[in-house]
1. Please enumerate the residues belonging to region 177-197 that are part of a strand (DSSP E or B) and either closer than 21 Å to Phe36 by Cβ or among the basic types (Lys, Arg) (or both).
2. Given the structure, is Gly93 small (Gly, Ala, Ser) and modelled with pLDDT of 95 or more?
3. Condition test on Asp19, is it of a type in the set (Asp, Glu), modelled with pLDDT of 95 or more, surrounded by 12 or more Cβ atoms within 10 Å (Cβ to Cβ) and under 26 Å from His230 (Cα atoms)?
4. Which pairs turn up if I take residues in region 90-103 that are more than 12 Å from Val208 (Cβ to Cβ) and look for partners that are among the small types (Gly, Ala, Ser) and in a loop (DSSP other than H, G, I, E, B) with beta carbon separation below 7 Å, at least 6 apart in sequence or on another chain?
5. Of all the residues that make up region 113-131, how many are crowded, with 20+ Cβ neighbours inside 10 Å and over 21 Å from Ile20 (Cα atoms)?
6. Look through region 143-184, keep the residues that are of a type outside the set (D, E, K, R), more than 14 Å from the chain's Cα centre (by Cα) and closer than 25 Å to Phe217 by Cα, and return whichever of them is surrounded by the fewest Cβ atoms within 10 Å (Cβ to Cβ).
7. Being over 21 Å from the mean Cα position of the chain (by Cα) and of a type in the set (D, E, K, R) is the filter here; which residues of region 1-50 pass it?
Amino acid sequence: MNADQSLKLKAYFEKHSSDISAIVPFDKQSDKLFLFDFTASNTELNPAILENTELFSIWIRRKLSENDSLYGVGGYNEHRTIYSRSNLFSEDGEPRRLHLGVDIWGRAGTPVFSPLNGRIHSFGFNDNFGDYGATLILEHQADEIKFHSLYGHLSLMSIEHLVKGLAVKKGQKIAEFGDVLENGHWPPHLHFQLIFNMQELAGDYPGVCRYSERKAFLANCPNPDLILKHTFGY
């Protein structure tokens, strides 16, 4: 994969902007967004908060409330400290800290809609502390470019009774934000990621990589704001 595919996808979305639907309910005229920072510069998030999902959830809700924001967003290509909370990201050698998607922080039960026409590629329950929890992956076609969209930290109900290959329409409700017991033990949010090559994986794909692998992963995972800007207007 290379930058050419990302440029072609960007050009496709600019040409077919009317084919993109909002991914979550958001009124651009009245609702507000809060931009979260999960890098080392955010000194509010100490280890005591990060290691305790309830305290972390309280902190997220407080920041949204203080800023009168319906959702908090951010994270693509962000080198994050929050993954120190889980051994999942701290294998032998260099830990994984670079985020490959965009997170939308909000309430459990928030509906998620397919931004594009596509089909169900795969789904699964990645039930490790700090993992995706319930996960859905869709496959899309943009002229000659095939790509995928990944939705992590969903409710278990979101992946019940799904059928691989089933068609999905733009604007169709496909999922809901999960609670902490089904979303990988995170404060409720949606991890949204775009992927060109699934590399034969199903129901899962890395959402965080080692910094030394940054170039290859970012080439395979273009910026989700290509789609999300149509939801939030930024």
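1. Matches in region 177-197: Phe177, His189, Leu190, His191, Phe192, Gln193, Leu194.
2. Working: small (Gly, Ala, Ser): yes; modelled with pLDDT of 95 or more: no.
Here the answer is no, as Gly93 does not meet what is asked.
3. When the stated conditions are applied, Asp19 does not pass them.
4. From residues that are more than 12 Å from Val208 (Cβ to Cβ), the pairs are Val102/Gly75.
5. Going residue by residue through region 113-131, those that are crowded, with 20+ Cβ neighbours inside 10 Å are 114-116, 118, 121-123, 130-131.
With the extra rule that they be over 21 Å from Ile20 (Cα atoms), the set shrinks to 122-123, 130-131.
Adding up the residues that qualify gives 4.
6. Filtering first and then ranking leaves Ile145.
7. Of everything in region 1-50, those that are over 21 Å from the mean Cα position of the chain (by Cα) and of a type in the set (D, E, K, R) turn out to be Asp4, Lys8, Glu14, Lys15, Glu44.
Conditions (1) polar (S, T, N, Q); (2) more than 24 Å from Leu218 (Cα to Cα), marked per residue:
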site	(1), (2)
Gln5	yes, no
Lys8	no, no
Lys15	no, no
Lys28	no, yes
Lys32	no, yes
Leu35	no, no
Ala40	no, no
Glu44	no, yes
Thr53	yes, yes
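The values are calculated or read from the model by the stated rules, or taken from the named source; none is laboratory data. Quick caveat, the model's predicted, so the values are computed rather than measured. Cβ: placed from backbone, ideal geometry, glycine included. Neighbour counts: every protein chain shown.
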